[in-house]
Each structure stands twice: as structure tokens, then as C-alpha cells.
Amino acid sequence: GQQLNQSPQSMFIQEGEDVSMNCTSSSIFNTWLWYKQDPGEGPVLLIALYKAGELTSNGRLTAQFGITRKDSFLNISASIPSDVGIYFCAGQLLGAGGTSYGKLTFGQGTILTVHP
Amino acid sequence: DTAVSQTPKYLVTQMGNDKSIKCEQNLGHDTMYWYKQDSKKFLKIMFSYNNKELIINETVPNRFSPKSPDKAHLNLHINSLELGDSAVYFCASSQSSGPANTGELFFGEGSRLTVL
């Protein structure tokens, strides 16, 4: 089946630093998404990307959908303590007729720790 | 109001028992899901229902049986629990499962199942 390789597995940074994480896949996706999971909560969508090459920002977050459709990265600028959590990339592949049934393939997650 | 709510939040039980987790969404979404998150935080889809109809059934043991009495509810019943079933089970919903599916899933807070 499809697999996503997400790196790094964990990061320890100082408040104010920039962060970068990425995901690669052996197969293509039609949609790349980035979710964040806080402790004791479910994942929450941060950014969604729908076109190859697309670069999208959401506040201090920037994400790109790779041209090959097999990779994506997420950057966080000027990190703050509340950025702590687990960040997941996820890919969605549309089936025949444009159906997808919302089946997401998730990366292994990047655990982010921010020291004040 | 919690958009996707699942109960119980914690469940501790003995091997061999049968247990259920309930999920309700008040977002008016057509599609609901069960995802399993293991001890390494890996998220994997188990089932998906669209308007009470099963549309995704990953390779999950028959001991797991989802039931959707209406499109706002999706329950998960597990028979003959095994140690390996210990995980956090997340319910999620999305607006649709067809071409309009954006990949944005709204997750519940999770139900942590511990099998002793």
C-alpha cells in the first residue's frame, strides 16, 4: 500500500526559531494535507494543498505541494511555545470518477518541542 | 458544542471482553470514519461510512464491527478484545466522500482503549 515517509521524527528548538519538516511518498497523491495534534486531542487541519507546485501560507505556516506530487514540506516561522505538538502530513488519492472517500494516508508524525 | 464527540474517552478492560465506542457529529457531514492510532502515534484508517453506507473497510479483523444508525452517528463494537487492540481510536467526519471531498477531516478527542 501507499506509505509516507515523514522527517524528522522529532525536533527540539528554541522559541523564535524556524522549523521545517517534509514528507515523501513512493506514489503520487492528488491532495497533500498537514495536521497538528495536541496532547489528548484529535488532529486538526492546518493547511491543505490541491495542485502540484502550490505554495500556501496560513499565518506563520507555509506548505508546498511538490511538483512530482510525491512530496510536501511544512515550514513554521518564528516558533512559539504553543507550536508544541505532533505534526502529520497526509496524502489523499482520488479514485476513479474523482472519488476518494476521504481515505487519508498519514505520515509517522514529527514531534515538535519548543523551549521558551 | 463539541463538533465530533466520542465516548468513552478512556476504556480499560480485560482480554476477551466485548466493548463499544460511540461517536456523534453535529456538523451535518455525510461521511464518518474510524481511525486507529497506535503507541507510535501512527494513524491508520479502519472504516468509513457515507450516509450510513459502508464505503471503506480496511484490513481490519472481523472482531471489529462498525454500525451507523444514522449519518450523525458511527459506533464501533469490538468483540473478544486482544492485547494488540490497545490504542487510541479516533472518530472523524467530513463533508462528503465524493469529488467534493477536500481531505479535511474533523476528529474527535479520541478514545484510549487499554486491554489488560
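The values are calculated or read from the model by the stated rules, or taken from the named source; none is laboratory data. Predicted model only: the values in this text are computed from it and were never measured. Cβ atoms come from the backbone with ideal geometry, glycine included; neighbour counts cover every protein chain shown. Ligands, DNA and RNA are excluded from the accessible area calculation, which covers all protein heavy atoms including side chains. Shrake-Rupley method; radii C 1.70, N 1.55, O 1.52, S 1.80 Å.
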- Query: Do any strands (runs of 3 or more DSSP E) lying entirely in the stretch A:27-116 carry at least 3 residues that are within 14 Å of chain B (Cβ to nearest Cβ) and under 28 Å from residue B:34 (Cα atoms), and which ones are they?
  - Reply: A:31-37, A:44-49, A:85-92, A:104-106, A:110-115
- Message: Being touching a strand residue (DSSP E or B) at 6+ places or on another chain (Cβ under 6 Å), of a type in the set (Gly, Ala, Ser) and open to solvent by 40 Å² or more (accessible area, probe 1.4 Å) narrows it down to one residue among A:48, A:63, A:78, A:52; which is it?
- Response: A:52
- Query: What residue, among those in the stretch A:2-26 that are part of a strand (DSSP E or B) and not polar (S, T, N, Q), is surrounded by the fewest Cβ atoms within 10 Å (Cβ to Cβ)?
  - Reply: A:12
- Task: Out of the residues in the stretch B:94-114 that are at pLDDT 95 or above, open to solvent by less than 10 Å² (accessible area, probe 1.4 Å) and on the phi < 0 side of the Ramachandran plot, state the one that is nearest to the other protein chains (Cβ to nearest Cβ).
- Result: B:108
- Query: With B:59, B:13 as the choices, which residue is open to solvent by 70 Å² or more (accessible area, probe 1.4 Å) and over 28 Å from residue A:50 (Cβ atoms)?
  - Reply: B:59
- Message: Which of the numbered conditions does residue B:30 fail, given that it passes all the others? Conditions: (1) among the acidic types (Asp, Glu); (2) open to solvent by 60 Å² or more (accessible area, probe 1.4 Å); (3) within 11 Å of chain A (Cβ to nearest Cβ).
- Response: (2)
- Inspect all residues belonging to the stretch A:5-15 and state whether any of them is more than 12 Å from the chain's Cα centre (by Cα) and closer than 21 Å to residue B:88 by Cα. yes
